[in-house]
Amino acid sequence: MKHFLLVLLLLGAAPAPAEPLAEPCAACHGARGISDIPAIPSLAGQPADYLILQMILFRERIRVVPAMADQLQDRGDDALARIAAFYAALPPVAPPDRGTRDAALMARGAALSARMHCGSCHLPDYSGRACPPSGKTTWSTPCGTIATISASAPIRR
């Protein structure tokens, strides 16, 4: 066993995730949920509710990313919940040092955030919180999940 692990380390292979359902995810999102691919997001430490929502949107092809839809097409909601719980429990990636902030841009962002009431869900410090079940569609959040999704991937209607 020691020799097998040594060979894996020498070949640069990452260990498999602890959650077997997340094994296919590791190829792009990293075994510990931290992606090395610039266009692929890291999942470690993301809120489970957010991850489940995104996976459902991919699976149902509402958020159109063919590679994700193909991976998730045969996964039930329980499997998505297990995958989301796995990644949510991992320590998040450290934020990059962005250097000096533009004070004028920060002020404009703060004013927009206040006007849009972003702190009602994301909290004033943007640490976020789990969304309470609304009994409505997934589009009922104040900031509008549609706006967030449309900024990152086209929505098929």
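Computed from the coordinates by the stated procedures, all read-outs in this text should not be read as laboratory data. Values in this document were obtained by computation on a predicted structure and should not be read as measured data. Positions of Cβ are generated from backbone atoms using ideal geometry, with glycine treated the same way; all protein chains shown enter the neighbour counts.
The table for this structure:
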item: Environment charge of residue 79, counting only residues whose C-beta is closer than 11 Å and scoring Lys/Arg +1, Asp/Glu -1; result: -1
item: Ordering of 67-73, 91-97, 40-46, 117-123 by burial proxy (mean other Cβ atoms within 10 Å per residue, highest first); result: 40-46, 67-73, 117-123, 91-97
item: Radius 14 Å from Cβ of residue 23, net charge of other residues (Lys, Arg +1; Asp, Glu -1); result: +2
